[in-house]
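The next block holds one structure in the form of structure tokens; read it before the comments.
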Amino acid sequence: MTEPNSPARVELRAVDASVMLKVRNLNTVLFPVRYTGAFYKCLLQDDQFARLAYYGSVCVGTVTCRKQPLGFAESNVVGQHSMCEMYMMTLGVLAPYRRLGIARGLLESALAAAAQDPTIRRVVLHVQIDNDDALRFYHKHGFATLRMVERYYKLLDPPHAYLLEYPLR
């Protein structure tokens, strides 16, 4: 399935069990965080959003998100959970395929999916404080920095992250 606004020669495909190894391999190359088997198993649940980006026949990028109670990213959940947020767990593209609009296509597909769900009020994510490229990318695409979260990452240096938000409603 080719999604709207994705660059020519790029196809975004939904993640299912048959391609989970591709997601694992990309995450191992792209991110300093190691994800557990439970992370990958959860990607197959209905309230998750996951896509792979293919450049021609080569799998070059991924985005994974989960729906969660509004305020969960800020440890601020109280009362009813009828309103939600989409938490973007990962978004990455292999280095040789960057600056081709692939990350933008993955991001736009996630934002479009979130916008279709009337219970989702915003999209949030964490970015390590020294990841200037990611911060520029998200700010360029309408995200705002809410605050710094000290010691967010347990095994990374620096351990601090910024919490970013893209309001939908």
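Rule-based calculations on the coordinates, nothing more; no lab input. This structure is a prediction, so every number in the text was calculated from the model and none was measured. All Cβ positions, glycine included, derive from the backbone under ideal geometry; neighbour counts span all protein chains shown.
Based only on the alpha carbon positions, what is the Kirkwood hydrodynamic radius of the range 128-169, in angstrom?
One decimal place: 10.8 Å for the Kirkwood radius.
Net charge near Y35: determine it from the other residues with C-beta under 12 Å of the C-beta of Y35, scoring Lys and Arg +1 and Asp and Glu -1.
Cβ neighbours under 12 Å give a net charge of +3.
If I take the Cα coordinates of the range 73-156 and project them onto the principal axes, what are the three extents in Å, biggest first?
Cα extents, longest axis first: 46, 33, 20 Å.
Report, as a whole number in µm² per second, the diffusion coefficient that Stokes-Einstein gives for the chain at 10 °C and 1.306 mPa s using the Kirkwood radius over alpha carbon pairs.
Once the numbers are plugged in, D ends up at 97 µm²/s.
Modelled label-to-label distance, K154 and L168, 7 Å Cα→beta-carbon offset: nm?
2.9
Can you tell me what the convex hull of the Cα atoms of the range 34-77 projects to on average, as an area in nm²?
So the mean shadow area of the Cα hull is 4.4 nm².
In nm, what is the difference between 0.36 nm times the number of residues separating D133 and K22 and their Cα-Cα distance?
Full-extension gain reported as 37.6 nm.
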